[in-house]
Amino acid sequence: MCNLYSVMTNQEAIRMIARVMIDHIGNLQPLPEVWPNTMAPIIRNAEGGRELVMARWGMPTPPGMLKGRKVDRGITNIRHMESSWWRRWEGVEHRCLVPLTAFAEPEHLPEGGSRQVWFARADGEPLAFFAGLWCRWTSVRKLADGETTNNLYGFLTTEANREVGAIHPWAMPVILTQQEDMDLWMTAPAPEALQVQQALPDGALIAIAPPTGVA
């Protein structure tokens, strides 16, 4: 599953394409590597319009999956929106767009190791958006910090297209590249909005070199 992506585009492009009305971030630095349980930008619905904020990657883990663990590092990828755990956040107030320029999937090598294979848009456009969910949640993300309250996010996954499936056959993130799909995800009732939960067409992605700053 996708547990690594980058945000290397400029902040103005994010604001313009995602129709952001309020920017709470300040100066967004390039993020060549976004890993689970770290902070990254998301766009969410607010009273004054869409707003750009920072949030921590990893939605709350269903209690049955924690199995008595003291730390919840979160669920990064969400597949089964029919689950009652995820349905509580299916409304427009909990949907978000997660900007990205590239994402990685782990390739398992014959000798037993693995490497990250990076993907970006084949049309050369530098920016796309994951279809995401967000919430505000109190939990223990790091044992040393104890219980904290955070803005958390994750994004939907679906079946893999040809390019991603060659590396990771089971799933890929739901990636939105068209304005109408972004608006559908952010504004439509859940049954209609969830129509975006499908793979990009074959040929829409290409494998690329790691983003600048990534080994």
Of the residues in the stretch 191-215, how many are part of a helix (DSSP H, G or I) and surrounded by 13 or more Cβ atoms within 10 Å (Cβ to Cβ)?
3
Enumerate the pairs (first residue in the stretch 111-127 and free of Cβ contacts under 8 Å to residues at least 24 places away in the same chain and more than 9 Å from LEU205 (Cα to Cα); second residue anywhere and in a loop (DSSP other than H, G, I, E, B) and hydrophobic (A, V, I, L, M, F, W, C)) with beta-carbon separation below 9 Å, excluding pairs fewer than 6 apart on the same chain, so at least 6 apart or on different chains.
ARG115/LEU109
Per-region count, the stretch 164-192, residues touching a strand residue (DSSP E or B) at 6+ places or on another chain (Cβ under 7 Å) and either small (Gly, Ala, Ser) or modelled with pLDDT under 95 (or both):
3
Out of the residues in the stretch 97-138 that are assigned to a strand (DSSP E or B), buried (at least 17 other Cβ atoms within 10 Å of the Cβ) and β-branched (Val, Ile, Thr), state the one that is farthest from the chain's Cα centre (by Cα).
VAL117
Filter the stretch 36-75 for residues that are basic (Lys, Arg) and in a strand (DSSP E or B); which is surrounded by the most Cβ atoms within 10 Å (Cβ to Cβ)?
ARG44
Out of (1) assigned to a helix (DSSP H, G or I); (2) touching a His at 6+ places or on another chain (Cβ under 7 Å), the odd one out for GLU163 is which?
(2)
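The values are calculated or read from the model by the stated rules, or taken from the named source; none is laboratory data. Remember, predicted model here, so these are calculated numbers, not experimental data. Cβ sites come from the backbone with ideal geometry, for glycine too, and all protein chains shown count toward neighbours.
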